[in-house]
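The values are calculated or read from the model by the stated rules, or taken from the named source; none is laboratory data. None of the values given here were measured: they were computed from a predicted structure. Heads up, the Cβs are rebuilt from the backbone with ideal geometry, glycines too, and the neighbour counts pull from every protein chain shown. Remember, those area values only see protein heavy atoms, side chains included, never the ligands or the DNA or RNA. Shrake-Rupley method; radii C 1.70, N 1.55, O 1.52, S 1.80 Å.
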Amino acid sequence: MEDQHILDIKNKINASISQNSYKGFVNDRGCIVVCTEMMSIIQVGKININPRRIFDVYITVMIEAVKLFFHADGTSGTITEVIQECIKGIGSLCRNADEYNQTYYFDSIIKSVQIRAFHDWPDYGYKLLRHAVCLINTQKQANRIFDVFSILGKMFDGKDYPDKFVIIHGIVERMEGKEAADKYLMENLHVVEIRMIAVDKLLAEGNYKLAEELCVEALRKTRRKYLNRPTIWAYYLEKIYTDTANKEKLIDIYYHNLFHGDMSYVKKLKELYLNEEAFISNG
C-alpha cells in the first residue's frame, strides 16, 4: 500500500493535469502550469529531513512527468526540466546514501524503470538507471541492472543507448576493479560518452598527451558533422593547451572555435594578443 504522502502528491499532480487539460490533452500553456506545480512539489519535498522521503518525492514526480509526455504538448521544455531536476536530486541522494538507504534506493530505481512510461521513453530510464550503479554491492544487483536493459531496449536505429555503455563501465569498475574498467573504456571509445569519461580520467591523472590524442582523433572524425558549432573535443583541447601552456596550439583552437560559431572567442583572442603585446613591451 502506498504511503499517504505519496498518494497526496499524485492526487495533486493529477488535479493540476485535469484542470489544465481539454479532452484529455494538456496544451503548451497548461503544460507549463502543471510542470510549475511539479517543481513546487519538489521544492517543498526538499525541506523534509528524511532522505527516503525526499527520494520518494523525486521518484514519484519523475514518473508522473514522464507519463505527461503521452498527453501533453511538451515543446516548452518544462517537462524535461522537471525530469532533469528529479534525476539530479536522485543522483545526489544515491551518491551520499548510507548503508541503511542504499538497498531501498536501488530497489526503487529498478522497480521504477520497468513501468510502461520508460518503455516509451527509455532514454530517461537509462539516465535514472545510471544512478543505481553507485549502489551496487553484489553481482546479483549487477545482474538486475543487466536484466533491465532488455526492457528498455535500443534506439530507433537499433544501436544501444550511450548511457548503457556508461552504466556497464560503472558496473565493471565496481565489480572487477580499475584495470578492467580502463580496458572497457579503451575498447569502447566509439561511444562519445565513454570517450569523455576516458578523457576526464586522463586529465585527472595528468596524462595530457593521451588525452590530446583522444580529442584530436574525435575532432577529426566529427569535423564535418559540426560545421556551425564547436564540438566538446574542441573545448577539451582548449583546456589541455591552457593547462600545458601550449600557446601556439591554444591560438589554433581559439580560431577553430570561432570559425565554428562560438563568437565568445573574439574576446578571448583579443585578450590573448593584448597580453602578448603587453609582455613584449615590458620585456
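Run down ASN27, ASN101 and say which single residue is closer than 29 Å to GLY177 by Cβ, at pLDDT 95 or above and surrounded by fewer than 19 Cβ atoms within 10 Å (Cβ to Cβ).
Testing whether each residue is closer than 29 Å to GLY177 by Cβ, at pLDDT 95 or above and surrounded by fewer than 19 Cβ atoms within 10 Å (Cβ to Cβ) leaves just ASN101.
Taking the condition of being of a type outside the set (Asp, Glu), surrounded by 14 or more Cβ atoms within 10 Å (Cβ to Cβ) and either within 22 Å of the chain's Cα centre (by Cα) or assigned to a helix (DSSP H, G or I) (or both), how many residues in segment 236-258 meet it?
Within segment 236-258, residues that are of a type outside the set (Asp, Glu), surrounded by 14 or more Cβ atoms within 10 Å (Cβ to Cβ) and either within 22 Å of the chain's Cα centre (by Cα) or assigned to a helix (DSSP H, G or I) (or both) number 13.
Does any residue in segment 252-272 that is more than 15 Å from TYR241 (Cα to Cα) come within less than 6 Å, Cβ to Cβ, of a residue that is open to solvent by less than 50 Å² (accessible area, probe 1.4 Å) and not in a helix (DSSP H, G or I) six or more places away or on a different chain, and which pairs are these?
Going by the 6 Å Cβ cut-off, the qualifying pairs are HIS260/PRO230; ASP262/PRO230.
Checking the condition closer than 23 Å to PHE70 by Cβ and not polar (S, T, N, Q), which residue from ALA132, ALA211, ALA117, ALA198 passes?
ALA117
For segment 40-137, which helices (runs of 4 or more DSSP H) that fit wholly inside it have 3 or more residues that are free of Cβ contacts under 8 Å to residues at least 60 places away in the same chain and in contact with a Lys or Arg (Cβ under 7 Å, 6 or more places away or on another chain)?
51-68, 99-112
Among helices (runs of 4 or more DSSP H) lying entirely in segment 138-226, which contain 1 or more residues that are of a type outside the set (D, E, K, R) and over 22 Å from ARG95 (Cβ atoms)?
Fully inside segment 138-226 and qualifying: 139-152, 178-187, 192-205, 208-222.
Does SER76 satisfy the condition of being among the polar types (S, T, N, Q) and at pLDDT below 95?
Answer is yes for this residue.
With the structure loaded, tell me whether ASP107 is open to solvent by 20 Å² or more (accessible area, probe 1.4 Å), more than 19 Å from the chain's Cα centre (by Cα) and under 20 Å from LYS88 (Cα atoms) or whether it fails that test.
Yes, satisfied.
Collect the residues in segment 259-272 that are open to solvent by 30 Å² or more (accessible area, probe 1.4 Å) and among the aliphatic types (A, V, I, L, M), keeping them in residue-number order.
Those that are open to solvent by 30 Å² or more (accessible area, probe 1.4 Å) and among the aliphatic types (A, V, I, L, M): MET263, VAL266.
Tell me the residue from ALA15, ALA65 that is more than 19 Å from the chain's Cα centre (by Cα) and open to solvent by less than 70 Å² (accessible area, probe 1.4 Å), please.
Of the residues listed, the single one that is more than 19 Å from the chain's Cα centre (by Cα) and open to solvent by less than 70 Å² (accessible area, probe 1.4 Å) is ALA15.
If a residue has to be among the aromatic types (Phe, Trp, Tyr) and either at pLDDT 95 or above or within 16 Å of the chain's Cα centre (by Cα) (or both) to count, how many in segment 154-177 make the cut?
Summing the residues that are among the aromatic types (Phe, Trp, Tyr) and either at pLDDT 95 or above or within 16 Å of the chain's Cα centre (by Cα) (or both) in segment 154-177 gives 2.
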